[in-house]
1. Could you check the range 209-235 and list, in sequence order, the residues that are among the polar types (S, T, N, Q) and either within 14 Å of ARG188 (Cα to Cα) or out of contact with any Phe, Trp or Tyr (no Cβ under 9 Å at 6 or more places or on another chain) (or both)?
2. Mind checking which residues of the range 1-46 are among the charged types (D, E, K, R), open to solvent by 50 Å² or more (accessible area, probe 1.4 Å) and not in a loop (DSSP other than H, G, I, E, B)?
3. Looking at the range 134-143, can you tell me whether even one residue there is of a type in the set (A, V, I, L, M, F, W, C), at pLDDT below 95 and under 30 Å from THR8 (Cβ atoms)?
4. Residues of the range 47-70 being of a type outside the set (S, T, N, Q) and surrounded by fewer than 24 Cβ atoms within 10 Å (Cβ to Cβ), which ones?
5. Would you be able to say whether some residue in the range 176-184 is touching a residue at least 12 places away in the same chain (Cβ under 8 Å) and surrounded by fewer than 15 Cβ atoms within 10 Å (Cβ to Cβ)?
6. Which pairs have Cβ atoms under 6 Å, sit 6 or more apart or on different chains, and link a residue in the range 51-71 that is in contact (Cβ under 8 Å) with a residue 12 or more places away in the chain and farther than 15 Å from ASN97 by Cα to one that is open to solvent by 20 Å² or more (accessible area, probe 1.4 Å) and assigned to a strand (DSSP E or B)?
7. Among the residues of the range 71-81 satisfying the criterion of being closer than 17 Å to ILE45 by Cβ and either touching a helix residue (DSSP H, G or I) at 6+ places or on another chain (Cβ under 9 Å) or among the hydroxyl-bearing types (Ser, Thr, Tyr) (or both), which is surrounded by the most Cβ atoms within 10 Å (Cβ to Cβ)?
8. Report whether or not TYR107 is of a type in the set (Ser, Thr, Tyr) and surrounded by fewer than 20 Cβ atoms within 10 Å (Cβ to Cβ).
Amino acid sequence: MGRSSGFTFKQFHIEHDRCAMKVGTDGILLGAWTPVANTRRVLDIGTGSGLIALMLAQRSRSDCLIDGVELDRDAATQARANVAASPWTSRVNIVENAIQDYQAPPYDLIVSNPPYFVAGQSFSDPARALARHTGALGSRDLLAACHRLLSAAGQVALVLPTAMADEILCISADYDLYGVCYTAVITRVGKEANRVLLLLGRGLSRCEQGEIVIHSADGAYSDRYIQLTHPFYLKM
């Protein structure tokens with residue numbers, strides 16, 4: 001298969017023509033930002049093309065095992081093909097399943113770029129609707145899965161619209177999950193944040209606040225964004 005439809009990174013390639021949600025800044029930021037030091041077992045909820053799972057495979061220790069769970073059959077099939085073409089075939093496993101039904105031993109890191117459009121929005125593509133409607137995976141479904149599958153000292157890393165991140169923080173204590181780090185994502189200097197990189201952990205703690213600006217006023221990538229993503233982008 002040619003690579004015209006995909007996205008080539010420094011150490012791997014992603015084909016995403018069979019996935020409703022394509023490679024984008026949200027997933028790349030989550031894969032680059034998420035803390036992975038000493039992580040041995042990772043779960044990627046709604047792995048899609050396998051992008052975040054492969055980014056974490058590149059960044060994590062050589063004995064770290066990563067499971068990607070994906071509900072959509074076409075996306076799961078394409079994620080398996082992307083993994084098979086990567087350097088980490090022995091470390092990344094793709095499972096076709098609904099996370100509500102998924103069973104596994106506890107993970108010390110769970111990541112997700114979850115659905116965030118409210119039910120009722122219109123999409124011409126049913127797969128895209130499933131990938132982005134909260135009817136498929138609501139905030140409480142996501143937190144319940146994290147509570148059930150996370151180890152005692154584990155953490156959850158999410159990329160979310162600002163309003164959904166605030167909602168998650170309001171209800172996460174119901175699942176013994178609390179804010180550890182809240183990083184606002186600003187697309188360009190002078191604009192309001194429209195995304196949040198959110199890290200949750202078990203047990204109440206002080207939540208570190210921060211921000212990442214993607215573009216400076218002249219449109220160039222910021223130093224912080226370059227620092228995060230240069231291990232992945234070919235021209236960064």
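The values are calculated or read from the model by the stated rules, or taken from the named source; none is laboratory data. Please read these numbers as outputs of a predicted model, since none were measured by experiment. All Cβ positions, glycine included, derive from the backbone under ideal geometry; neighbour counts span all protein chains shown. Note: accessible area is taken over every heavy atom of the protein model, side chains too, but ligands, DNA and RNA are not part of it. Shrake-Rupley method; radii C 1.70, N 1.55, O 1.52, S 1.80 Å.
1. Let us first name the residues in the range 209-235 that are among the polar types (S, T, N, Q), namely 209, 216, 222, 227, 229.
Passing the criteria: SER216, SER222, GLN227.
2. Narrowing the range 1-46 to residues among the charged types (D, E, K, R): 3, 10, 15, 17-18, 22, 26, 40-41, 44.
Adding the requirement that they be open to solvent by 50 Å² or more (accessible area, probe 1.4 Å) leaves 3, 10, 17-18, 22, 40-41.
ARG41, the sole residue that qualifies.
3. Within the range 134-143, one or more residues are of a type in the set (A, V, I, L, M, F, W, C), at pLDDT below 95 and under 30 Å from THR8 (Cβ atoms).
4. Going residue by residue through the range 47-70, those that are of a type outside the set (S, T, N, Q) are 48, 50-57, 59, 61, 63-70.
Within the range 47-70, ARG59, ARG61, ASP63, CYS64, LEU65, ASP67 meet the criteria.
5. Taking the range 176-184 as the starting set, the residues that turn out to be touching a residue at least 12 places away in the same chain (Cβ under 8 Å) are 176-184.
Within this subset, residues satisfying the condition of being surrounded by fewer than 15 Cβ atoms within 10 Å (Cβ to Cβ) are none.
No, the range 176-184 has no match at all.
6. LEU65/ARG41
7. The qualifying residue surrounded by the most Cβ atoms within 10 Å (Cβ to Cβ) is ALA79.
8. Values: of a type in the set (Ser, Thr, Tyr): yes; surrounded by fewer than 20 Cβ atoms within 10 Å (Cβ to Cβ): no.
So TYR107 fails the test.
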